[in-house]
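Structure first, commentary second.
The values are calculated or read from the model by the stated rules, or taken from the named source; none is laboratory data. Not measured: the values here are computed from a predicted model. Quick reminder, even Gly has a Cβ in these numbers, built from the backbone with ideal geometry, and neighbours come from all protein chains shown.
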Amino acid sequence: PIAAAKETVPPIWPGFRGRSRDGVVHGVTIATDWTASPPKELWRHPIGPGWSSFAVHGDLIYTQEQRGDDEIVAAYQLKTGRPVWRHRDAARSWESNGGPGPRATPAVDGSRVYALGATGILNALDSGTGAVAWTRNAAADTGAKLPDWGFSGWPLLVNGLVVLATSGVLAAYDA
């Protein structure tokens, strides 16, 4: 048997592909012989369609999903999957190859979550409550044409800025 890893610092995966944007979790070793030590499902929770992965900070995980005619930015408890909050925008993106839903993974800096929806809505939300700090329409701000597949670049947090790629146009917002 493998001893459970002891958590010494809260989990942090601040956005797409992690801290170093390389998709690697450093300092963790997992058993790779799943026949001898199979992974165990801890929880399961249905979410709406979309292409967003998860950002993690402490005991919360953040993602985007499509629920009917609304794009959702949502927070769930890491250990239980219990919904904590949801923010809704009346927006729907769909294309034949990818289906419905937002494409970008949110970014979290601890106090705020930044999420770019497929139609260009950029939200800065309180990470604990989902309250709106500010919102912008990146497509309107940059004059960028909405691609058929929707905006899919994740927000990048750099030196107090939220940097976005919108159809060949870079935009930066004061976080």
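Would you kindly identify the strands (runs of 3 or more DSSP E) lying entirely within segment 65-148 that contain at least 2 residues that are in contact (Cβ under 8 Å) with a residue 60 or more places away in the chain and not hydrophobic (A, V, I, L, M, F, W, C)?
112-116
Looking at 163, 108, which is the one that is over 12 Å from the mean Cα position of the chain (by Cα) and either at pLDDT below 90 or among the β-branched types (Val, Ile, Thr) (or both)?
When all the criteria are applied, what remains is 163.
If you check residue 174 against the conditions, is it farther than 29 Å from residue 96 by Cα and of a type in the set (D, E, K, R)?
The answer is yes for residue 174.
If residue 26 meets every condition in (1) in a loop (DSSP other than H, G, I, E, B); (2) in contact with a His (Cβ under 6 Å, 6 or more places away or on another chain); (3) under 27 Å from residue 163 (Cβ atoms) apart from one, which number is that one?
Result: residue 26 fails condition (2) only.
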